[in-house]
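Reading through the structure tokens given below for one structure.
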Amino acid sequence: MQNDRRKFLRVSADFAVEVQPRRGGTPFKARTVDLSAGGAKMLGEEPVELGERLSLEIRFEGPTFLVFVDATVVRLEESPTRPTYAVRFDGLDRYIEQRIVRWVFAEDRRAAERRAAVRVPIEVLAWCRAESGGPRFRAATIDIAADGARILTPTACEIGDRITIQFDVDEPAYRVDALAEIMWKQRARDGRSIYGMRFETLDRATQRQIVEHALHAAGSRTPRPGSP
């Protein structure tokens, strides 16, 4: 399984699996937790043994296709609810392997896009300047994501303008210093303008901080079960 981790990209995936023990016995159902082209982590309805060989039918979604593969149980994990274990795919057909690789990379991109699009409300002072030069102007941020931000300002900008923007977030503490392109604009009720911008040169470390901030804020806003 360690070699599999180095060789193949692994992503979270919740797929239905039909499991048939190779030693015989009654088939049972399981679900994947994550997977790669080399193997998967699964939650099963029945316990298995380390080294046990299984025949799997995995139903991929988005797009939908079936994979039939033999597998070996390479790790058992403790779980208070359902048997949890990792399997290594054995003798996977090259065409199927490549199809899984393509699906995994596509899912990884989709997940990255979803994370980048998570927005968090932030109201701080920002300093902006047109890339072509000119005086700095003030703006108030409305919210940010890893791929862009919304700002409010009386300064006139046009769609397609590229501006530098700098502002500091206090909690958690990080600084945004980026080149951005104005993607859209609208008039606010007080006469100022709201601009939606896409970051072009924001460093990856800051992107990760924004994503973590946004996901934490989103989780904090999610009502707990039983709360009003």
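Name, by its number, the condition in (1) crowded, with 16+ Cβ neighbours inside 10 Å; (2) touching a Ser or Thr at 6+ places or on another chain (Cβ under 6 Å); (3) within 19 Å of Glu200 (Cβ to Cβ); (4) not aliphatic (A, V, I, L, M) that does not hold for Gly148.
In the conditions (1) crowded, with 16+ Cβ neighbours inside 10 Å; (2) touching a Ser or Thr at 6+ places or on another chain (Cβ under 6 Å); (3) within 19 Å of Glu200 (Cβ to Cβ); (4) not aliphatic (A, V, I, L, M), Gly148 misses (2) alone.
So Arg53 clears everything in (1) exposed (fewer than 14 other Cβ atoms within 10 Å of the Cβ); (2) over 16 Å from Val11 (Cβ atoms) except one condition, right? Which one?
Answer for Arg53: the failing condition is (1).
Tell me, please, whether a residue that is part of a loop (DSSP other than H, G, I, E, B), closer than 30 Å to Ile144 by Cβ and out of contact with any Cys (no Cβ under 6 Å at 6 or more places or on another chain) can be found in the stretch 16-36.
No, because not a single residue in the stretch 16-36 is part of a loop (DSSP other than H, G, I, E, B), closer than 30 Å to Ile144 by Cβ and out of contact with any Cys (no Cβ under 6 Å at 6 or more places or on another chain).
Out of the residues in the stretch 114-171 that are of a type in the set (Gly, Ala, Ser) and not in a strand (DSSP E or B), state the one that is modelled with the lowest pLDDT.
That would be Ala116.
So that you can scan it fast, the table gives a plain yes or no per residue for (1) under 26 Å from the mean Cα position of the chain (by Cα); (2) under 21 Å from Pro135 (Cβ atoms); (3) not basic (Lys, Arg):
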position: Ala146; (1), (2), (3): yes, no, yes
position: Ile151; (1), (2), (3): yes, yes, yes
position: Pro154; (1), (2), (3): no, yes, yes
position: Ile165; (1), (2), (3): yes, yes, yes
position: Asp168; (1), (2), (3): yes, yes, yes
position: Arg175; (1), (2), (3): yes, no, no
position: Ile182; (1), (2), (3): yes, yes, yes
position: Gly191; (1), (2), (3): no, yes, yes
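Pull up the stretch 17-50, narrow it to residues that are more than 21 Å from the chain's Cα centre (by Cα) and among the hydrophobic types (A, V, I, L, M, F, W, C), then point me to the one that is surrounded by the fewest Cβ atoms within 10 Å (Cβ to Cβ).
Leu50
Considering the stretch 39-95 alone, what residues qualify as being touching a strand residue (DSSP E or B) at 6+ places or on another chain (Cβ under 6 Å), farther than 24 Å from Gly24 by Cβ and not basic (Lys, Arg)?
Glu77
So that you can scan it fast, the table gives a plain yes or no per residue for (1) closer than 14 Å to Ala40 by Cα; (2) in the same structural domain as Val11 (by TED's automatic domain parsing); (3) more than 22 Å from the chain's Cα centre (by Cα); (4) modelled with pLDDT of 90 or more:
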residue: Arg53; (1), (2), (3), (4): yes, yes, yes, yes
residue: Ile58; (1), (2), (3), (4): yes, yes, yes, yes
residue: Val69; (1), (2), (3), (4): yes, yes, yes, yes
residue: Glu78; (1), (2), (3), (4): no, yes, yes, no
residue: Thr84; (1), (2), (3), (4): yes, yes, yes, yes
residue: Asp90; (1), (2), (3), (4): yes, yes, yes, yes
residue: Arg94; (1), (2), (3), (4): no, yes, yes, yes
residue: Arg102; (1), (2), (3), (4): no, yes, no, yes
residue: Asp108; (1), (2), (3), (4): no, yes, no, no
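Quick test of your reading of the structure: Val74 fulfils all but one of (1) in contact (Cβ under 8 Å) with a residue 60 or more places away in the chain; (2) more than 26 Å from the chain's Cα centre (by Cα); (3) outside any strand (DSSP E or B). Name the failing condition by number.
So the condition that Val74 fails would be (3).
The values are calculated or read from the model by the stated rules, or taken from the named source; none is laboratory data. The model shown is predicted, which means the values in this text are computed figures rather than measured ones. Here Cβ is always computed from backbone atoms with ideal geometry, including for glycine, and neighbour counts include all displayed protein chains.
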